[in-house]
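Take a look at the structure set out below.
No lab work stands behind these numbers, since they all come straight from the coordinates. What you are looking at is a predicted structure, and each value in this text was computed from that prediction instead of being measured. Using ideal geometry, Cβ is built from the backbone for each residue, glycine included, and neighbour counts are taken over all protein chains shown.
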Amino acid sequence: MARTVRKSNVPLPPPLPRWAPNYAGTHKGMKWYPKPEYQVPGTFHVRGPSRNWPHNYYHHFMTRKYARMLLTHRPDLYWFLVCRGPQWFRMPEYAKVRAYLARTDPERFAREVAYAMTH
């Protein structure tokens, strides 16, 4: 089996949290659609939702590939989704998110921590 080689040394971003679709999309007729600002270039070229496959966009939205594309094109929206959950800074399962943010953008990390502590 061939080994996958990464194209850069930039660490992969953490996946989006489970509550992210509530902020980033809407449900219409039992199907989830992303808001226009979350449709970054190169994404959502997957089969659209249908009666038989109502969650196609939702499943694509929750992949690490989409998280990487969103972080590349719209870092403000990515960090809004990751850092606006209920007490995200205190949750142990988000230790990787905190470490990634502290390593890649220390100034943003300081702002998000200050915001989390006051809200």
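Report, by chain and number, residues whose modeled amide H sits under 5 Å from the one on W32, excluding near sequence neighbours (fewer than 5 apart, same chain).
Long-range HN contacts for W32: Y58.
Taking amide hydrogens as modeled 1.01 Å from N in the peptide plane, which residues meet the under 5 Å criterion relative to G25, leaving out close sequence neighbours?
K35
Using θ = phi - 60° and the Karplus form 6.51 cos²θ - 1.76 cosθ + 1.60, what ³J(HN,Hα) does each residue of the stretch 65-78 get, whole Hz, x for Gly and Pro?
4, 5, 4, 5, 5, 5, 5, 5, 8, 9, x, 4, 6, 4
If you plug each phi of the stretch 95-108 into the Karplus form 6.51 cos²θ - 1.76 cosθ + 1.60 with θ = phi - 60°, what whole-Hz ³J(HN,Hα) values come out, in order, with x for Gly and Pro?
4, 5, 5, 4, 5, 5, 5, 5, 6, 8, 8, x, 5, 5
Starting with the fewest neighbours, write out F61, F109, F80 ranked by other beta-carbon atoms found within 10 Å of each beta-carbon.
F80, F109, F61
Using θ = phi - 60° and the Karplus curve 6.51 cos²θ - 1.76 cosθ + 1.60, what whole-Hz ³J(HN,Hα) does each residue of the stretch 13-26 get, with Gly and Pro shown as x?
Result, ordered by residue: x, x, x, 5, x, 5, 8, 4, x, 5, 8, 9, x, 9 Hz.
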